[in-house]
Amino acid sequence: MFRSAVTVSLVSEAKGGPFVFWDDLPAACHQAAELGFDAIELFAPGPNAVSQGDLAALLKAHQLQLAAVGTGAGWVKHKLSLTSPEASLRAEAREFIRSMIDFGGPHGAPAIIGSMQGRWSDGVTREQAINWLREGLNDLGAYAQRYQLPLIYEPLNRYETNLVNTVAVGVELMNSLQTENVRLLADLFHMNIEESDLAAALVQGGKWIGHIHFVDSNRRPAGFGHIDYPRVVAALKAIDYAGYLSAEALAWPDSRAAAEQTIKQYQKLVQVDN
Ligand code: LER
Ligand code: MN
């Protein structure tokens, strides 16, 4: 019912961030496959970081799926966001995300909008910023349909955005869109900061939940913090979630050990649950 994935970052500016494998995509694919992951989730600097042919060949050689592609490099490298006060930067942000939809689409991987949502400040009201975000999601959600994939939108904790911090506000946003092709990403680390009850929030997210960042309360791999995973898994089962549990966690204590810990926890939870 669930599938396992592990993150790989090729973005040097994101060093120290919550990604399990770093820099070397072939080595990451080798280890992910060896440990029994179903897929990788790729955080790349842009659509040309890896050629379509090389990516397809790597995935095939290791029998891995591509779970999703992140778009946050548009922010960390180019300072673009869908809610920038400058119209030209908002337009560039959309084009960057569109190029990442085209990057992941042929491999069946949806694009994730996390830090590219930006935040409101300096003379821009929350209402204005949410309207720009809605316009971006409507446009890009409709665009993603050409690959028969959703666009994934991620609420973030209050230290990373002041737009949407909870699943409930995310659901409100989803309901206000013209497109029905956007789904929410429930990142358990952000949720642990913002939600009063993780399992209840997931149930409230219901059909809108399209991807999970599988990580513990302290952003270490699952099982190294204090999230109650059996309750989380029961909630996901209750909403018939059938997507990835994708390890977006710190490479703690190191990449290999983080990946091993994640797959061990995943297998334990999925086995207990089935
Ligand atoms: C950022 O904190 C995060 O969780 C990423 O998935 C968003 O780009
Ligand atoms: Mn995340």
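Annotations
- Hits in the range 177-196 - residues which are within 18 Å of residue 131 (Cα to Cα), open to solvent by 50 Å² or more (accessible area, probe 1.4 Å) and more than 16 Å from ligand 2 (Cβ to nearest atom): 178, 180
- Qualifying residue in the range 212-229 (condition: away from ligand 1 (no atom under 16 Å from the Cβ), among the charged types (D, E, K, R), surrounded by fewer than 20 Cβ atoms within 10 Å (Cβ to Cβ) and farther than 20 Å from residue 249 by Cβ): no
- Scanning the range 238-251 for residues that are surrounded by 14 or more Cβ atoms within 10 Å (Cβ to Cβ) and either away from ligand 1 (no atom under 16 Å from the Cβ) or more than 19 Å from the chain's Cα centre (by Cα) (or both) gives 239, 241.
- Residues in the range 52-83 that are polar (S, T, N, Q) and open to solvent by less than 60 Å² (accessible area, probe 1.4 Å) were compared, and the one that is nearest to the chain's Cα centre (by Cα) is 71.
- Any hit, the range 166-176, residues being of a type in the set (Gly, Ala, Ser), away from ligand 1 (no atom under 13 Å from the Cβ) and open to solvent by less than 10 Å² (accessible area, probe 1.4 Å): yes
- Residue ID - farthest from ligand 2 (Cβ to nearest atom), chosen from residues in the range 1-33 that are assigned to a helix (DSSP H, G or I) and closer than 16 Å to residue 72 by Cα: 12
- Taking helices (runs of 4 or more DSSP H) as the structural unit, those lying wholly within the range 34-132 and holding at least 1 residues that are touching a residue at least 12 places away in the same chain (Cβ under 8 Å) and within 18 Å of residue 5 (Cβ to Cβ) correspond to 52-61, 87-104.
- Of the numbered criteria (1) in a helix (DSSP H, G or I); (2) open to solvent by 20 Å² or more (accessible area, probe 1.4 Å); (3) more than 15 Å from ligand 2 (Cβ to nearest atom); (4) free of Cβ contacts under 8 Å to residues at least 60 places away in the same chain, the one residue 199 fails is (2).
The values are calculated or read from the model by the stated rules, or taken from the named source; none is laboratory data. Everything quoted here is computed from the prediction, not taken from an experiment. With ideal geometry, Cβ positions are generated from the backbone for all residues, glycine too; neighbour counts draw on all protein chains shown. In case anyone asks, the SASA skips ligands and DNA or RNA and just uses the protein heavy atoms, side chains included. Shrake-Rupley method; radii C 1.70, N 1.55, O 1.52, S 1.80 Å.
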